[in-house]
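Notes to accompany the following structure.
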Amino acid sequence: EVSSQYTETFTDAAKGKAVGSKMYSDGCDVVFQAAGNCGNGVIEAAKEANKFVIGVDKDQYEQAPDNMLSSALKKVDEAVITISKEAADGKKIGGKNIELGMSDGAVGISTHHEHMDDAVYTGATDLVDQIKNKKIDVPGTKDEFDKFVKSL
C-alpha cells in the first residue's frame, strides 16, 4: 500500500518531522521523502520511530545509518560538468533547457543498502542498467507510471 503526504514546503524540517511521525504512527514502514530540508525532519522522525526512510538528492546515509534504506541521488555535478564542457567548446548554452537523466549518469541510487536484501538492491540496480541502456522507457506521467509499475 502506498500513502502520500504533501507538506507544501521544502524548508520546514519541523513540519516534515510531524508529517513523517504521523505516517509512521499510521503504519508506514518506509517513507521516501523528497522534500529538501523538510525531508531532514522526516529522517529525524524515522530515527525516533525506528523505521526506515529513503533519502533524496544526495546520499543521506550518514544522517541515519540505522534507518536509511538507500537514497535517490541527483548528481548536480553532472549538469555542471556538461554545461562547462559545452561552454568551453564554444557552444551556445543560454536560453535552452538541458535534460539529463539516468543514462547520462545524472541520477542514481546510493551504494549503501545495509538494511535491504541484496537481491532487492541488485534488482534495483538491474532496472537502473535497463534504463541506461534504453531497454526501459521511463514514464513521464502518473498514469504512465502506474501502468509501468503494474507491468513489472
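The values are calculated or read from the model by the stated rules, or taken from the named source; none is laboratory data. Model, not experiment: these values are computed from the prediction. Counting neighbours? That spans all protein chains shown, and the Cβs are built from the backbone with ideal geometry, glycine included. Surface accessibility is based on the protein's heavy atoms, side chains included, excluding ligands, DNA and RNA. Shrake-Rupley method; radii C 1.70, N 1.55, O 1.52, S 1.80 Å.
Within segment 87-108, the residues that satisfy the criterion of being of a type in the set (A, V, I, L, M, F, W, C) and either closer than 29 Å to Ala72 by Cα or under 25 Å from the mean Cα position of the chain (by Cα) (or both) are Ala87, Ile93, Ile98, Leu100, Met102, Ala106, Val107.
Conditions (1) outside any helix (DSSP H, G or I); (2) at pLDDT 95 or above; (3) surrounded by fewer than 18 Cβ atoms within 10 Å (Cβ to Cβ), marked per residue:
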{"site": "Tyr24", "(1), (2), (3)": "no, yes, no"}
{"site": "Val31", "(1), (2), (3)": "yes, yes, no"}
{"site": "Ala45", "(1), (2), (3)": "no, yes, no"}
{"site": "Ile54", "(1), (2), (3)": "yes, yes, no"}
{"site": "Glu62", "(1), (2), (3)": "no, yes, yes"}
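Take segment 64-80 and flag every residue that is open to solvent by less than 80 Å² (accessible area, probe 1.4 Å), not small (Gly, Ala, Ser) and not in a strand (DSSP E or B). Within segment 64-80, Pro65, Asn67, Lys75, Glu78 meet the criteria.
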